[in-house]
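A short write-up of the structure that comes next.
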Amino acid sequence: MREAQVTGAAALTPRRIAWTRRRRALATHWATYRRNRQGMVGLVVLALFLLIAVLGPVVVPASALDPSAAEGVPLSAPSVGYPLGTDNFGRSVLALLVSGARISLLVGFAATIGAMLIGATVGVASGYFGGTRIDTVLNALTNWFLVVPWLVLAIALATILGASLLNVIVVIAVTSWASTARLVRAQALTVRERTYVERARALGAGHAHVIVTHVLPNVFPVLFANTVLTVALSILSETTLSILGLGDTTAVSWGRIIEQAFSAGALTAGYWWWLIPPGLAIVAVTLSFTMCGYALDEVLNPKLRER
Amino acid sequence: MGARRYVVRKALHAVATLFFVLTFNFFLFRVMPGDPIALLARSERLSPDDIARQQAEFGLDRPLLDQYIFSVRQTLTGSLGLSLTTAKPVTQTIASRLWPTVLLVGVGTVLSVVVGVFVGTKGGWRRGSAFDTSTLYGSLVLYSMPEGWLGMLLLIVFAGTLGWFPAGGFESGGLVGFDRAIDIANHLVLPCLTLALGYVGSYSIVMRSSLLEVMNEDFVQTARAKGVPDRLVLRRHAGPNAFLPTFTLIFLSFGFVLGGAIIVETVFSYPGIGLLTYEAINSRDYPVIQGVFLVSSAAVIVFNLFADLAYGYLDPRVRDA
């Protein structure tokens, strides 16, 4: 409908028109999103944590994280000098928490990007070639990853790969792409049947052209909301793996802080200042991602509002 | 009509999935850093005899394809190799840890389903009420909590500060009969509560949204139009239909609950499969980890098959699809 107004100007190429349309769609979507209170609260909280993650190294010098250079009295309760107390090395828990934001968000985002790349590729290929042998194989693979208990699979992979930050990211990505692939496949299947795709094919468009110009733009809204929700799950997954001792021992993520407190007997000795803050940070961030994801889903996929 | 074909198809699918797990398990074991023989030799608990037995058991001196066929045959006859730390058969080790986990996962699932369905139904039926909004936010917060951390909080408060429940373990020991049952139940409360809280949110959200969907269906309108009281509309017409998706979710989320059990058992030192897994991770006891992976995958696949069959029975429409 809106294209009609734009095509009035003679100099516009189809690509220009498409971009104008996308810019306008973006503006409308943003206006809708802003009306969603949950989504906005989530966004503000996330922006805050992102700022902490980016500014982390400026605020907290590396020496504050070095166990041998710690200056505080080990395991002291919160005080003026140490607002969240100290850990068993005498490091400030607040400093650990600030630098943990960087690691936890990094793992969350990186693992999600990995999962989305695998999920979108498998989903688009499976859906676009729906009904063929490619689809059968990819769909079986997707279903297998959906069925197998993720944590047990993650543990098996992580013990074999060894504990490093990259491996943790790989393990989470490999174990969490399947639901995305299924979602994308369903969307790609419906796009494939639309008249304009048929028309493009009749005009001689190849698979690559149809996938890039027709399937991907239609899959994107579903994928985007799903991405945001997956970051939340990835951060939770990293926490779980860390608590089980499968995280990178040199990178202080929020999960790793919890694990260290747990191993040091924080439960029986009552070092609550060491255990509770990292958990609260995780809850705040995952909850925000989840709220943003739901809000995005409502904006981008009004027809799919199932949850 | 298509009932038998439906059952056969689903069963074949389950067998194929299980076979893929076996294959995956085999190759995972092969890509491990260091070959299996070197790994066995590193273990101090295994005598040269044990190692020779293990080698023969896995046919490690033969070509890869032979090894594969051999390993599948071994697995199917119930042999999963020896633990690197105790030198006992993995099958036996897992079996000895099975019951605490079955108890924990079983009671936890029942608890979270009952509460989740109740909360979801009540919230969905009175959409937008104070109860609905508060439970919806509550579900979201619970969903965002790392389960292990939630368990630690409960442990600090209810076992530490208040001292109402024991801090961990399966039982105190030395008790018999009814006293022992009470003691076991007492130890079960906190781990079970942690597990249930972690999953109650997803059940209530699914129940709520499927009830909202069903409420717009014609048969609910018809029931209302012919004057069926509100309470009965929910209990006889809307409720049972809305329960269907939740019913499948119970079986489908079994794999996740099992994952939750690993972390909960670790936090509460609850001696089930989960704690066994944690111990195996720390001692890098690969055969045990492989065994747990195999057994839990098999359990999940069986549960999924059961969910499919039950769903086909409850909702004849899916049989023909």
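Readers should treat all values here as calculations from the given coordinates under stated rules, not as data from a laboratory. Small disclaimer: the values here were computed from a predicted structure and weren't measured. Don't worry about glycine lacking a Cβ; one is built from the backbone with ideal geometry, like all the others, and counts go over all protein chains shown.
Please compute the Kirkwood hydrodynamic radius of segment A:152-282 from all pairs of different C-alpha atoms, in Å with one decimal.
Values: mean 1/r = 0.0568 Å⁻¹.
Evaluated over segment A:152-282, this radius sits at 17.6 Å.
Over every pair of different alpha-carbon atoms in the protein assembly as shown, take the mean of 1/r and invert it; report that Kirkwood radius in Å. Don't jump to the answer; show the numbers that get you there.
Details: mean 1/r = 0.0371 Å⁻¹.
Every distinct Cα pair counted, the radius reaches 27.0 Å.
Quick one: net charge around A:GLU259, please, counting Lys, Arg +1 and Asp, Glu -1 for every other residue with C-beta under 13 Å from its C-beta. Don't skip to the end; give the middle numbers.
Numbers: positive: A:ARG256; negative: A:ASP87, A:GLU238, A:ASP248.
With Lys, Arg at +1 and Asp, Glu at -1, the neighbours total -2.
Can you work out the Karplus-derived ³J(HN,Hα) for every residue in segment B:225-236? Use 6.51 cos²θ - 1.76 cosθ + 1.60 with θ = phi - 60°, whole Hz, and x for glycine or proline.
With the stated coefficients, segment B:225-236 comes to 4, 7, x, 5, x, 3, 4, 6, 4, 5, 6, 9 Hz.
Count, for each residue of A:237-243, the Cβ atoms from other chains sitting within 10 Å of its Cβ, then give me the mean as a whole number. Please list the in-between numbers first.
On the way: counts 2, 1, 6, 9, 2, 2, 11.
Mean inter-chain Cβ contacts per residue within 10 Å come to 5.
Can you give the translational diffusion coefficient of segment A:225-307 in µm²/s, computed by Stokes-Einstein from the Kirkwood radius over Cα pairs at 25 °C and 0.890 mPa s?
175 µm²/s
With each pseudo-label sitting 7 Å past Cα toward Cβ, what's the A:GLU193-B:ASP218 distance in nm, one decimal?
Simple spin-label model gives 2.1 nm for this pair.
So if I take the centroid of the Cα atoms in segment A:26-58 and the same for segment B:211-253, what is the distance between those two points in Å?
38 Å
Kindly give Rg over Rh for segment A:60-124, based on alpha-carbon atoms, with the Kirkwood expression for the hydrodynamic radius. All intermediate terms of the calculation are to be shown ahead of the outcome.
Values: Rg = 17.7 Å, Rh = 13.7 Å.
With Rg and the Kirkwood Rh in hand, the quotient comes to 1.29.
Arrange the following residues from fewest to most other Cβ atoms within 10 Å of their Cβ: A:ILE169, B:ILE262, A:ILE134, A:ILE113.
A:ILE134, A:ILE113, A:ILE169, B:ILE262
Springs between alpha-carbon atoms under 10 Å, Gaussian network over chain A: tell me which of A:ALA202, A:ALA261, A:ALA115 tops the mean-square fluctuations.
Residue with maximal mean-square fluctuation among A:ALA202, A:ALA261, A:ALA115: A:ALA202.
State the Kirkwood hydrodynamic radius of segment A:166-241 in Å, one decimal place, computed from all pairs of distinct Cα atoms. Kindly include the intermediate steps, with their values, before the conclusion.
Numbers: mean 1/r = 0.0706 Å⁻¹.
Evaluated over segment A:166-241, this radius sits at 14.2 Å.
Which of the chymotrypsin sites (Phe, Trp or Tyr not before Pro) found in segment A:171-230 are in a DSSP loop and have at most 13 neighbouring Cβ atoms, other than their own, within 10 Å?
Details: sites: A:TRP177, A:TYR196, A:PHE224; in loops: A:TRP177.
Passing both the DSSP loop test and the Cβ count: no residue.
If you average the alpha carbon positions of segment A:214-264 and of segment A:80-132, how far apart do those two centres end up, in angstrom?
4 Å
Taking springs between alpha-carbon atoms closer than 10 angstrom, which of B:TYR203, B:TYR270, B:TYR137 fluctuates most in the Gaussian network model of chain B?
B:TYR137
Give me the orientation-averaged projected area of the Cα convex hull of chain A, in nm², one decimal. Write down the numbers at each step before the final one.
Numbers: hull surface 80.8 nm².
The orientation-averaged projected area of the Cα hull of chain A comes to 20.2 nm².
DSSP loop (so not H, G, I, E, B), at most 11 other Cβ within 10 Å: list which trypsin sites (Lys or Arg not before Pro) in segment B:103-154 pass both filters. Mind dumping the intermediate values first?
Working: sites: B:LYS122, B:ARG126, B:ARG127; in loops: B:ARG126, B:ARG127.
Those satisfying the criteria are B:ARG126.
Once both axes come from the Cα atoms, what is the angle between helix B:48-58 and the longest principal axis of chain B, in degrees from 0 to 90, rounded to 10?
Rounded to the nearest ten degrees, it is 50.
Would you give the gap between the C-alpha center of segment A:147-192 and the C-alpha center of segment B:132-177, rounded to a whole Å?
29 Å
If neighbour count is taken as other Cβ atoms inside 10 Å, put A:VAL137, B:VAL105, A:VAL191 in order from fewest to most. Display every interim value, and only then the final one.
Working: A:VAL137 12, B:VAL105 23, A:VAL191 20.
Listing A:VAL137, B:VAL105, A:VAL191 from fewest to most nearby Cβ atoms yields A:VAL137, A:VAL191, B:VAL105.
With unit charges on the beta carbons (Lys and Arg positive, Asp and Glu negative) and the dipole taken about the Cα centre of segment B:140-279, which residue among B:ALA223, B:SER209, B:SER172 sits farthest to the positive side?
B:ALA223
Can you compute the helix-only [θ] at 222 nm over the protein assembly as shown? Use -39500 (n - 2.57) per DSSP H run of at least 4 residues, normalise by all residues, nearest 500 deg cm²/dmol. All intermediate terms of the calculation are to be shown ahead of the outcome.
On the way: 29 runs with 455 residues, N = 628.
Taken over the protein assembly as shown, the calculation gives -24000 deg cm²/dmol.
Given the options A:GLU259, A:GLU238, A:GLU193, state which has the largest fluctuation in a GNM of chain A using a 10 Å cut-off (strictly under) for Cα springs.
So, out of A:GLU259, A:GLU238, A:GLU193, the one fluctuating most is A:GLU193.
Please report, in whole Å, how far the alpha carbons of segment A:1-139 spread along each principal axis, starting with the longest.
In descending order, the Cα extents are 72, 44, 29 Å.
For segment B:139-219, what does the alpha-carbon gyration tensor say about shape, rounded, prolate or oblate, given a ≥ b ≥ c as the root eigenvalues, a/c under 1.5 as rounded, and a/b over b/c as prolate? Mind dumping the intermediate values first?
On the way: a/c = 4.52, a/b = 2.04, b/c = 2.22.
Oblate is the answer for segment B:139-219, as a/c is 1.5 or above yet b/c matches or exceeds a/b.
Can you give the Rg and Dmax of chain B based on its C-alpha atoms, in angstrom?
Over chain B's Cα set, Rg and Dmax evaluate to 23.8, 80 Å.
Do any trypsin sites (Lys or Arg not before Pro) in segment A:25-103 lie in a DSSP loop with no more than 12 other beta carbon atoms within 10 Å, and if so, which? Please list the in-between numbers first.
Working: sites: A:ARG34, A:ARG35, A:ARG37, A:ARG91, A:ARG102; in loops: A:ARG35, A:ARG91.
Sparse-neighbourhood loop trypsin sites (Lys or Arg not before Pro): A:ARG35.
I'd like the orientation of helix A:272-300 relative to chain A: the angle between its Cα long axis and the longest Cα principal axis, in ° from 0 to 90, rounded to 10.
Approximately 10 degrees, to the nearest ten.
Under a Cβ-only charge scheme (Lys and Arg +1, Asp and Glu -1), can you give me the dipole magnitude of the protein assembly as shown about the Cα centre, in debye to the nearest 20?
On the way: 48 positive and 35 negative charges, 585 e Å.
Here the size comes out at about 2820 debye.
May I ask for the angle, rounded to the nearest 10°, between helix B:273-282 and the longest principal axis of chain B, with both axes built from Cα atoms and the value confined to 0 to 90°?
50 degrees
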